[in-house]
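Since the structure comes first, as structure tokens, the remarks are kept for the end.
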Amino acid sequence: MFGTKKKLKEKIIARLSPEFPVGPAEVELTSTPDQKLGDLAMSIAFPLSRKLKTNPQAIAAKLAELLAHLEGVERIEVAGNGYINLYLDRKQFFIEKFSNLKKTWLEPEEQKIIVEHTNINPNKAAHVGHLRNACLGDSLVRCLHYKGEKVEVQNYIDDTGVQVVEVVFGLMELEKKSLSELDRIPGKFDYYCWDLYTKVSRYLAENPEAQARKSVILKKIEQGLSPEADFAYQVSRRILRAHLATMKRLDIGYDVLPCESSILRLKFWEKAFEQLKKRGAVQLSKEGESAGCWVMKLDDNPEKEKIIVRSDGTVTYVAKDIAYQMWKFGLLGQDFYYEPFIEENGRTVWISSAEPTPYQVHFGAGSKVYNVIDVRQSYLQKIVVQGLKSLGYLEQADKSIHFSYEMVALSPGSLAEIKAELSAEDKDKAFLEVSGRKGLGIRADDLLDRLEKKALGEVDKRNPELPLPNRQKIARQIASASVRYFMLKYARNSLLVFDFDEALNFEGETGPYLQYTAVRIRSIFRKFEERFKASYQDFINHINPEKIDLNSLQTAEARDFWELVIYASGLDEEVLRSVVSLEFGGLAKFTFNLCQKFNSYYHHYPVLAEKDAKLRTLRLMTIYFVHERLCQALDLMGIQVPEKM
RNA sequence: GCGCCCGUAGCUCAGUUGGAUAGAGCGGCUGACUACGAAUCAGCAGGCCGCAGGUUCGAGCCCUGCCGGGCGCACCA
């Protein structure tokens with residue numbers, strides 16, 4: 001559809017521009033509210049009527065006359081009080097789309113795009129809030145790939161921050177563990193730390209004097225002194241492995257894991273600081289509350305200033321982030337060293353190192369950067385961008401995108417299910433924010449386990465003849481699809497109140513519904529091969545699309561066929577819209593609607609049972625067409641199609 | 001106090017730079033499995049789009065004010 005519109009638009013402008021003041025900005029082809037009103041609509045007559053001070057209907061009639069006999073357009077009508085509706089040449093359209101199923105009209109625009117997502121503090125298990133981040137980020141990556149962009153996926157690891165420090169504090173001071181005992185802690189280490197982290201938070205709240213001991217540990221970790229730094233290293237690496245394993249369950253992967261410890265040891269900040277000072281982007285505050293600190297003034301509010309370097313010379317989180325952001329754009333004049341961390345499906349995931357390594361790989365230096373971070377960080381992200389601006393990197397500041405989304409909260413029902421202990425104040429709220437510190441959260445692996453268990457039960461009922469490993473694989477695919485669709489279907493600005501009943505539903509607008517639709521189409525393909533003793537793919541490849549006869553279709557079927565075809569052709573546009581708006585709800589909705597339309601079609605028109613060979617072939621082509629588009633859409637959402645369901 | 005976001009059906013949410021008759025899912029009520037798989041489909045009920053003004057050919061969408069809710073505004077990350 002994207003390609004069709006693009007071509008049509010050019011032709012329309014060529015026809016109209018000699019007589020009317022119209023250009024690419026004015027001519028907009030939109031869909032009609034009803035198929036009866038045509039396939040594409042233009043509302044250009046309305047703005048023109050204002051400019052030319054005549055009534056819109058008269059202008060529309062004139063325009064329609066100029067547009068008569070456009071290639072690919074069967075007829076044009078003026079409708080309503082001035083809409084111009086285009087009816088496409090259906091056969092030509094279908095043949096073109098059918099013959100170019102693997103092709104996209106979208107084109108890459110950037111040299112290299114960096115997408116940073118997941119970014120979980122390596123001190124506890126991943127929870128549902130992190131899943132939203134990773135699912136959004138991964139779908140963006142997939143859509144950018146589809147568009148033809150070169151993409152690098154980064155997952156930033158804050159392995160020296162206070163969150164890790166608190167777990168180290170817990171291990172050393174509360175649990176009295178030695179470094180060698182760490183490896184021997186049984187079970188899921190990320191779960192162990194989940195509990196330990198809340199225990200430490202409570203301890204620190206009750207024993208304020210312990211803060212000093214914690215600060216000592218923090219300093220030692222930042223300076224790389226043992227054994228504290230070794231503890232932090234062990235803890236963060238082991239939990240990082242757990243996080244990557246969790247994300248792998250959702251088919252989410254990464255190219256590189258830049259670590260804060262590397263940023264500190266390679267002195268990235270010092271390089272950034274020099275540039276900032278030279279440019280006057282930061283000033284040494286002489287008076288007031290911030291005396292002795294290096295601060296950055298805010299563009300939109302000169303009264304306010306943000307502290308970048310503390311009076312004791314240590315750097316804040318934003319400072320490190322500015323340096324990191326500069327590195328992403330290749331503005332630091334320095335790179336990390338790298339070593340392989342793990343291998344996933346034949347893809348190496350690299351991790352940063354402060355020491356030279358034998359590996360000649362390089363990351364960063366993107367032309368555009370997306371940071372997938374929740375909305376609460378908007379203020380800090382703005383400061384990071386301002387840092388780039390005040391250094392004179394205007395283009396980079398412009399292409400430094402904060403992909404923000406609202407947080408995940410828990411419904412009262414969900415809180416009851418995890419047996420959360422709530423304060424009197426929290427009990428009255430309609431929902432509660434996920435909090436690792438309080439231990440309030442649904443762990444990602446717990447959710448996936450529950451979904452898999454439920455899915456396996458359903459698969460067992462329907463496909464008892466399948467071997468257990470197959471059924472388990474299907475259950476995993478269903479659980480993953482369920483989570484991914486759930487995380488994508490909401491607009492990113494809307495607060496997601498997590499509820500088990502909704503998340504565990506496999507019916508209606510859910511991931512499994514989409515999978516089920518694809519499975520049923522494939523089931524027809526399989527039956528075709530059994531019945532006709534021929535490869536379905538070969539059959540499709542040998543069809544001559546020119547020979548199809550759409551006029552032989554009954555009125556209702558012609559309508560339903562066309563609706564399905566034209567809707568399925570909207571994928572390219574939907575992907576582009578997702579990438580531009582960073583909203584994936586539209587893509588999710590598109591896929592769901594496509595499935596609904598197909599399921600309805602499927603109930604009305606038998607395919608294999610159809611006696612008329614020509615009609616059967618046309619229906620086979622139709623469902624093949626839908627299947628291809630559907631699978632592309634599913635892949636963009638990271639949803640796999642099970643062999644059976 | 002300042003800034004950002006949200007308010008649409010009983011519930012959870014869509015609504016494509018302002019466009020034609022505001023849509024889904026869940027829940028409720030009717031129906032449809034000897035069929036290419038019922039994790040499905042067909043249908044019914046359910047709406048002062050928070051409230052009040054304004055802008056215009058046209059407003060759920062834009063502007064102003066108000067009401068209700070959330071999140072930011074640290075020498076925390």
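Residues in the range A:538-551 that are part of a helix (DSSP H, G or I) and within 18 Å of A:LYS97 (Cβ to Cβ): how many? Walk me through it before giving the result.
Initially, the range A:538-551 is screened for residues part of a helix (DSSP H, G or I), giving A:538-541, A:545-547, A:550-551.
Still in the list and also within 18 Å of A:LYS97 (Cβ to Cβ): A:540-541, A:545-547, A:550.
Residues that pass the stated criteria total 6.
If you take the residues of the range A:552-606 that are within 9 Å of RNA strand B (Cβ to nearest atom) and in a loop (DSSP other than H, G, I, E, B), which of them is surrounded by the fewest Cβ atoms within 10 Å (Cβ to Cβ)?
A:PRO606
Counting only residues that are in contact with a helix residue (DSSP H, G or I) (Cβ under 8 Å, 6 or more places away or on another chain), of a type in the set (Asp, Glu), without any contact (Cβ under 8 Å) to a residue 60 or more places away in the chain and assigned to a loop (DSSP other than H, G, I, E, B), how many does the range A:148-182 have?
Residues flagged as in contact with a helix residue (DSSP H, G or I) (Cβ under 8 Å, 6 or more places away or on another chain), of a type in the set (Asp, Glu), without any contact (Cβ under 8 Å) to a residue 60 or more places away in the chain and assigned to a loop (DSSP other than H, G, I, E, B) within the range A:148-182 amount to 1.
Kindly indicate whether any position in the range A:375-392 is under 23 Å from A:ALA503 (Cβ atoms) and either touching a residue at least 60 places away in the same chain (Cβ under 8 Å) or surrounded by 19 or more Cβ atoms within 10 Å (Cβ to Cβ) (or both).
So the first thing to find is which residues in the range A:375-392 are under 23 Å from A:ALA503 (Cβ atoms), and the list is A:375-376.
With either touching a residue at least 60 places away in the same chain (Cβ under 8 Å) or surrounded by 19 or more Cβ atoms within 10 Å (Cβ to Cβ) (or both) added as a condition, the list becomes A:375.
Yes.
Please work out which one of (1) farther than 18 Å from A:ILE120 by Cα; (2) within 12 Å of RNA strand B (Cβ to nearest atom) is the condition A:GLY436 fails and give its number.
Looking at each condition in turn, A:GLY436 falls short on (1).
State which residue pairs qualify: first residue among the small types (Gly, Ala, Ser) and inside the range A:71-82, second residue more than 9 Å from RNA strand B (Cβ to nearest atom) and assigned to a strand (DSSP E or B) in any location, beta carbons under 8 Å apart, and separation of 6 or more residues or different chains.
Pairs that qualify, where the first residue is among the small types (Gly, Ala, Ser) and the partner is more than 9 Å from RNA strand B (Cβ to nearest atom) and assigned to a strand (DSSP E or B), are A:GLY72/A:LEU88.
Within the group A:SER523, A:SER482, which residue is farther than 30 Å from A:MET407 by Cβ, among the polar types (S, T, N, Q) and within 12 Å of RNA strand B (Cβ to nearest atom)?
A:SER523
I'd like to check something: does the range A:317-326 contain any residue that is closer than 20 Å to A:SER261 by Cα, away from RNA strand B (no atom under 16 Å from the Cβ) and not polar (S, T, N, Q)? Outline the logic, then answer.
Start the filter on the range A:317-326 by keeping residues that are closer than 20 Å to A:SER261 by Cα, which leaves A:317-326.
From what's left, away from RNA strand B (no atom under 16 Å from the Cβ): A:326.
Filter again for not polar (S, T, N, Q), leaving A:326.
Yes, because at least one residue in the range A:317-326 is closer than 20 Å to A:SER261 by Cα, away from RNA strand B (no atom under 16 Å from the Cβ) and not polar (S, T, N, Q).
Among the residues in the range A:527-537, are any more than 21 Å from A:ILE478 (Cβ to Cβ), among the aliphatic types (A, V, I, L, M) and buried (at least 20 other Cβ atoms within 10 Å of the Cβ)? Break it down stepwise before answering.
Our first condition is that a residue be more than 21 Å from A:ILE478 (Cβ to Cβ); within the range A:527-537, this holds for A:527-537.
Imposing the further condition that a residue be among the aliphatic types (A, V, I, L, M) reduces the set to A:534.
Okay, now just the ones that are also buried (at least 20 other Cβ atoms within 10 Å of the Cβ), so none.
Within the range A:527-537, not a single residue is more than 21 Å from A:ILE478 (Cβ to Cβ), among the aliphatic types (A, V, I, L, M) and buried (at least 20 other Cβ atoms within 10 Å of the Cβ).
Would you point out which residue out of A:ILE263, A:ILE307 is touching a Cys at 6+ places or on another chain (Cβ under 7 Å) and among the hydrophobic types (A, V, I, L, M, F, W, C)?
Values: A:ILE263 fails: touching a Cys at 6+ places or on another chain (Cβ under 7 Å).
Criteria check complete, one pass: A:ILE307.
Would you check which residues across the range A:393-412 are surrounded by 13 or more Cβ atoms within 10 Å (Cβ to Cβ) and in a helix (DSSP H, G or I) and list them? Step through it out loud before you land on a result.
Within the range A:393-412, the first condition is being surrounded by 13 or more Cβ atoms within 10 Å (Cβ to Cβ), and the residues that meet it are A:393, A:396-397, A:399-412.
Residues satisfying the conditions are A:GLN396, A:ALA397, A:PRO412.
Can you confirm whether the range A:103-114 contains a residue that is among the polar types (S, T, N, Q) and crowded, with 16+ Cβ neighbours inside 10 Å?
Kept after step one, since they are among the polar types (S, T, N, Q), are these residues of the range A:103-114: A:104, A:111.
In the following step, the residues that additionally are crowded, with 16+ Cβ neighbours inside 10 Å were identified as A:104.
Yes, the range A:103-114 has at least one match.
Could you look through the range A:80-102, keep only residues that are surrounded by fewer than 19 Cβ atoms within 10 Å (Cβ to Cβ) and among the polar types (S, T, N, Q), and pick out the one that is nearest to A:SER43 (Cα to Cα)?
Looking at the filtered set, the residue picked out is A:ASN81.
I want to confirm something. Restricting to the range A:413-428 and keeping residues that are touching a residue at least 12 places away in the same chain (Cβ under 8 Å) and assigned to a loop (DSSP other than H, G, I, E, B), which single residue is surrounded by the most Cβ atoms within 10 Å (Cβ to Cβ)? Break it down into steps so the answer makes sense when it comes.
Of the residues in the range A:413-428, the ones touching a residue at least 12 places away in the same chain (Cβ under 8 Å) are A:413-415, A:417-418, A:420.
Still in the running and assigned to a loop (DSSP other than H, G, I, E, B): A:418, A:420.
Details: A:ILE418: 14, A:ALA420: 18.
For the range A:413-428, the residue satisfying everything is A:ALA420.
Could you identify the single residue in A:ALA61, A:ALA14, A:ALA25, A:ALA68 that is without any contact (Cβ under 8 Å) to a residue 24 or more places away in the chain, near RNA strand B (Cβ under 8 Å from one of its atoms) and among the aliphatic types (A, V, I, L, M)? Explain how you work it out, then say what you get.
Numbers: A:ALA61 fails: near RNA strand B (Cβ under 8 Å from one of its atoms); A:ALA14 fails: near RNA strand B (Cβ under 8 Å from one of its atoms); A:ALA68 fails: near RNA strand B (Cβ under 8 Å from one of its atoms).
On inspection, the qualifying residue turns out to be A:ALA25.
Residue check: is A:GLU465 part of a helix (DSSP H, G or I), out of contact with any Gly (no Cβ under 6 Å at 6 or more places or on another chain) and without any contact (Cβ under 8 Å) to a residue 60 or more places away in the chain? So that I can check it myself, show each step before the final result.
Details: part of a helix (DSSP H, G or I): no; out of contact with any Gly (no Cβ under 6 Å at 6 or more places or on another chain): yes; without any contact (Cβ under 8 Å) to a residue 60 or more places away in the chain: yes.
Criteria not met by A:GLU465.
Between a residue in the range A:508-527 that is outside any helix (DSSP H, G or I) and any residue that is crowded, with 23+ Cβ neighbours inside 10 Å and modelled with pLDDT of 95 or more, which pairs come within a Cβ distance under 9 Å, given they are 6 or more apart or on different chains?
Within 9 Å, the pairs are A:GLU509/A:TYR485; A:GLU509/A:ALA588; A:THR510/A:ALA481; A:THR510/A:SER482; A:THR510/A:TYR485; A:THR510/A:PHE486.
May I ask you to list the residues in the range A:432-462 that are in a helix (DSSP H, G or I), within 26 Å of A:ILE239 (Cβ to Cβ) and acidic (Asp, Glu)?
Filtering the range A:432-462 down to residues in a helix (DSSP H, G or I) leaves A:444-462.
Now narrow it down to the ones that are within 26 Å of A:ILE239 (Cβ to Cβ): A:444-453.
Those that are in a helix (DSSP H, G or I), within 26 Å of A:ILE239 (Cβ to Cβ) and acidic (Asp, Glu): A:ASP445, A:ASP446, A:ASP449, A:GLU452.
What number of residues within the range A:202-252 are farther than 12 Å from A:VAL168 by Cα, among the polar types (S, T, N, Q) and either touching a residue at least 24 places away in the same chain (Cβ under 8 Å) or in contact with a Pro (Cβ under 7 Å, 6 or more places away or on another chain) (or both)?
The qualifying residues number 1.
Residues checked against (1) at pLDDT below 95; (2) within 16 Å of RNA strand B (Cβ to nearest atom); (3) not in a loop (DSSP other than H, G, I, E, B):
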| site | (1), (2), (3) |
| --- | --- |
| A:ILE307 | yes, yes, yes |
| A:GLY313 | yes, yes, no |
| A:GLY330 | no, no, no |
| A:PRO340 | no, no, yes |
| A:VAL349 | no, no, yes |
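So how many residues does the range A:92-123 have that are assigned to a loop (DSSP other than H, G, I, E, B) and aliphatic (A, V, I, L, M)? Talk me through it step by step, then tell me what you get.
Initial filter on the range A:92-123 (assigned to a loop (DSSP other than H, G, I, E, B)): A:100-112, A:117-123.
Next, from what is left, pick out any that are aliphatic (A, V, I, L, M): A:101, A:106, A:120.
The total comes to 3.
Return a yes/no flag: does the range A:85-99 have any residue that is modelled with pLDDT of 90 or more, under 30 Å from A:VAL408 (Cα atoms) and not β-branched (Val, Ile, Thr).
Kept after step one, since they are modelled with pLDDT of 90 or more, are these residues of the range A:85-99: A:85-99.
Now narrow it down to the ones that are under 30 Å from A:VAL408 (Cα atoms): none.
No, every residue in the range A:85-99 fails to be modelled with pLDDT of 90 or more, under 30 Å from A:VAL408 (Cα atoms) and not β-branched (Val, Ile, Thr).
Return yes or no: is A:ALA68 surrounded by fewer than 16 Cβ atoms within 10 Å (Cβ to Cβ) and not in a helix (DSSP H, G or I)? Spell out how you get there, then give the answer.
Working: surrounded by fewer than 16 Cβ atoms within 10 Å (Cβ to Cβ): yes; not in a helix (DSSP H, G or I): yes.
Yes: the conditions hold for A:ALA68.
Condition first: on the phi > 0 side of the Ramachandran plot and more than 10 Å from RNA strand B (Cβ to nearest atom). Now tell me which residues in the range A:267-305 satisfy that.
Here is the first cut: in the range A:267-305, the residues on the phi > 0 side of the Ramachandran plot are A:267, A:280, A:288, A:292.
Scanning the range A:267-305 gives A:LYS267, A:GLY280.
A:TRP194 is checked against (1) under 21 Å from A:ARG443 (Cβ atoms); (2) out of contact with any Lys or Arg (no Cβ under 8 Å at 6 or more places or on another chain) and fails just one. What number does that condition carry?
Of (1) under 21 Å from A:ARG443 (Cβ atoms); (2) out of contact with any Lys or Arg (no Cβ under 8 Å at 6 or more places or on another chain), only one is false for A:TRP194: (2).
Does A:LEU456 count as closer than 30 Å to A:LEU410 by Cα and under 20 Å from the mean Cα position of the chain (by Cα)?
Details: closer than 30 Å to A:LEU410 by Cα: yes; under 20 Å from the mean Cα position of the chain (by Cα): no.
Answer is no for this residue.
Every residue in the range A:28-54 that is more than 6 Å from RNA strand B (Cβ to nearest atom), free of Cβ contacts under 8 Å to residues at least 12 places away in the same chain and loosely packed, with under 13 Cβ neighbours inside 10 Å, please.
A:LYS36, A:LYS53
I need the full set of residues from the range A:205-229 which are assigned to a helix (DSSP H, G or I) and under 38 Å from the mean Cα position of the chain (by Cα), in order please. Show your work before the answer.
Filtering the range A:205-229 for residues assigned to a helix (DSSP H, G or I) gives A:205-206, A:210-223, A:228-229.
Within the range A:205-229, A:ALA205, A:LYS214, A:SER215, A:ILE217, A:LEU218, A:LYS219, A:LYS220, A:ILE221, A:GLU222, A:GLN223, A:GLU228, A:ALA229 qualify.
The values are calculated or read from the model by the stated rules, or taken from the named source; none is laboratory data. Predicted model, so just to flag it, every value in this text is computed and none were measured. Every residue, glycine as well, gets a Cβ built from its backbone with ideal geometry; the counts of neighbours run over all protein chains shown.
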